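Just below is one structure, and these are the notes that go with it.
The values are calculated or read from the model by the stated rules, or taken from the named source; none is laboratory data. Given the structure is predicted, the values throughout are model-derived calculations rather than measurements. Here the Cβ positions follow ideal geometry from the backbone for every residue, glycine too, while neighbour counts run over all protein chains shown. Calculation scope for accessible area: heavy atoms of the full protein, side chains included, ligands and nucleic acids excluded. Shrake-Rupley method; radii C 1.70, N 1.55, O 1.52, S 1.80 Å.
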Amino acid sequence: RNYYGGNWASFSFSGLLSWIKENQQKTDISDECEDWRKLILENEEAIPLSRKDKTIEHVEEFCFGDQDAAEGVEEAGALPVLPVLGACGAQGVSPGSEKEKESPAVERVQETESQDPEQATGTEPARAAGGSGAETTPGSGSSPSTAAGESPPELGKTEAAPSEISAQEPKKITYSQIVREGRRFNIDLVSKLLYSRGLLIDLLIKSNVSRYAEFKNATRILAFREGKVEQVPCSRADVFNSRQLTMVEKRMLMKFLTFCLDYEQHPDEYQDYENSTFAQFLQTRKLTPSLQHFILHSIAMVSETECSTLEGLQATKKFLQCLGRYGNTPFLFPLYGQGEIPQCFCRLCAVFGGIYCLRHAVQCLVLDRASGRCKAIVDHFGQRISANYFIVEDSYLSESTCTNVCYRQISRAVLITDQSVLNTDSEQQVSILTVPPVELGKAAVFVIELCSSTMTCMKDTYLVHLTCPSTKTAREDLEPVVQKLFHLNTEKETEHEELEKPRVLWAVYFNMRDSSGVEKNSYGLPPNVYVCSGPDSALGNDCAVKQAETIFQEMFPTEEFCPPPPNPEDIIYDEDEIEAEESGLSNSPETKPESSAEESSSAAVPKEERMNE
């Protein structure tokens, strides 16, 4: 690929159009040259890898504006913001490089003391913006001011967001404008949010990868009930300020949420319903239908027919525990898109000598028949690169390797719209909406709506992501929900309905493979080859973090997973390596691939390890 992150990547608008075109092509890439097979010795066997990504299917693009008028229109010239990972033209962006970002005032998220101001630019901790109304925790220390001149607080602290300009009538946006402002878009292939006390946030802080990212707090949780979108009260303040609930309902809701926070201490209240669904359990708690709907679909966010009582209580508790850390909702969204996260890890890896190659295809794995282990790879240049361990993303495996593998699918839709699904005084809202299934047996649809301050879309537009586990093609699964929430120009609706609903300007549907549930032994690969899956259909990132840690611990059981990096002044470089570079010594071409891999892993060694040696 020519972009970072695989199916976790983000694209500019023109980059996404190129990605769509690439995935709509059905032709396989044939080997131009078979010379690499001559490199396989008699006691070896080649395990060919797939030359084409087949994880994306049923890609359908729709433009609801005047597409012909956009012919010849090109993206505006280079902006102060460098392209996000995967964006068109990102070839010159190094994993360790920093972007200049035109972002609103953001709030600092860090768990330790503020960084030394003398450290290099770009090492500031992660930031969370938009966390108005959050409960704050005590903390000390000051941090450098943001671009807007505000001093952001430490982890657990938030500041009230500045008052926003009142909502106005949506401006008419043309397809030509979207193309011209294409660099303003950072469109994720996978739509996820970060739980504020989830595994990924903890990992970002612990590993100090958070210094490379900025975040915005999701500002509201929405529900779709009786054909209308309404806001769900989450925190204690929201519940008591809500005009949707009666005083009796407020007491009911607070009593139930308090029980969920320490439900393990009261087993007598739920153990009789352990074999029931969470929806059935809620019916026994003397909750009104509207409260049951809010809890099931917008707080626990679980299936009405498949989720057990214990699973529902666990999901509700997780939601409540994440409230108040950075804002009034449990979720954070990375500025410039979810695709920033893989690049952030690449940046820290590059600092310590890791090498990440784009546009560098691998032909096969080389299996040693005697030991049954994989000993090398052969790339498209015909080079053999040896290693002790090999980590392969599922999409690189050929169909012959995956004969016993059964995959699930994710249905995805990405929309560009002209206004929010629920207009309020503030236009800059990051919203999450769960739409219950229309039919029994189908899954609920997660809808994430992003505003322009997330740096994922142009001004006066919204970027809307829809996700659900697949039952049919993505369009068949998601178009009924799109029609409920939005106005499509192809529909014949009354003028009153048109004014109420946001208008879809552009849309794409596609199915993405979900390989997260596949066991390693299903692939039949050598024991030192580890397979990591693509994204799963869950809202959070826990599955990916657990998988990464499991693979790492299997390879290096005595090592700590993603430890905090040493300070730059504690690093001692290998003197022999420096002398060799200065004298111009180099290895022979035959051994260069193997030795370069060793050099990359030992280029920078912490002082403590050198002293121990």
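Got a sec to turn the phi values of region 281-291 into Karplus ³J(HN,Hα) couplings, 6.51 cos²θ - 1.76 cosθ + 1.60 with θ = phi - 60°, whole Hz, x for Gly and Pro?
Result, ordered by residue: 4, 4, 5, 8, 9, 6, 9, 5, x, 5, 5 Hz.
Order the following by accessible area, largest value first: TYR389, TYR3. Probe radius 1.4 Å; ligands, DNA and RNA are ignored.
TYR389, TYR3
Take each of the peptides 191-197, 395-401, 558-564, average the number of other beta-carbon atoms within 10 Å over its residues, and list them starting from the highest.
Ranking, from highest mean packing down: 191-197, 395-401, 558-564.
Return the sequence-ordered ³J(HN,Hα) values of region 40-48 in whole Hz as given by the Karplus equation 6.51 cos²θ - 1.76 cosθ + 1.60 applied to θ = phi - 60°, using x for Gly and Pro.
Along region 40-48, the couplings run 7, 7, 5, 8, 10, 9, 8, 10, x Hz.
For HIS465, HIS58, HIS293, give the ranking by accessible area with the largest first, probe 1.4 Å.
Most to least solvent-accessible, the answer reads HIS58, HIS293, HIS465.
For TYR530, which sequence-distant residues (separation of 5 or more, or a different chain) have an amide H within less than 5 Å of its own amide H, given hydrogens modelled in the peptide plane?
Residues meeting the amide H criterion: PHE390, ILE391, VAL392.
Need one value: the accessible area of ARG384 in square angstrom, 1.4 angstrom probe, rounded to the nearest 10.
60 Å²
Tell me the label-point distance for the pair LYS255, GLU44, using the 7 Å Cα-to-Cβ offset, in nm and rounded to one decimal.
Simple spin-label model gives 7.2 nm for this pair.
Leaving ligands and nucleic acids out of the surface, order MET252, MET247, MET512, MET301 by accessible area at 1.4 Å, largest first. Display every interim value, and only then the final one.
Values: MET252 60, MET247 100, MET512 0, MET301 25 Å².
These residues rank, largest area first, as MET247, MET252, MET301, MET512.
Quick check: convex hull over the Cα atoms of region 243-322, volume per residue in Å³, rounded to an integer?
Given the Cα convex hull of region 243-322, per-residue volume reads 86 Å³.
Give me the accessible area of HIS266, 1.4 Å probe, in Å² rounded to the nearest 10.
60 Å²
State which entries of LYS250/LYS286; LYS21/LYS459; LYS317/LYS501; LYS228/LYS318; LYS192/LYS286; LYS192/LYS216 exceed 24 angstrom in Cα-Cα distance in the structure shown.
LYS21/LYS459; LYS317/LYS501; LYS228/LYS318; LYS192/LYS286
For region 400-422, list residues with backbone N below 17 Å from a point placed 7 Å from the Cα of LYS52 toward its Cβ?
Backbone N within reach: 400-401.
Given the whole protein assembly as supplied and a 1.4 Å probe, what does the accessible area of TRP8 come to in Å², nearest 10?
Only protein atoms counted, so the area is about 50 Å².
What distance in nm separates the simple spin-label points at TYR356 and ARG408, each placed 7 Å from Cα in the Cβ direction?
Once both label points are built, they end up 2.7 nm from each other.
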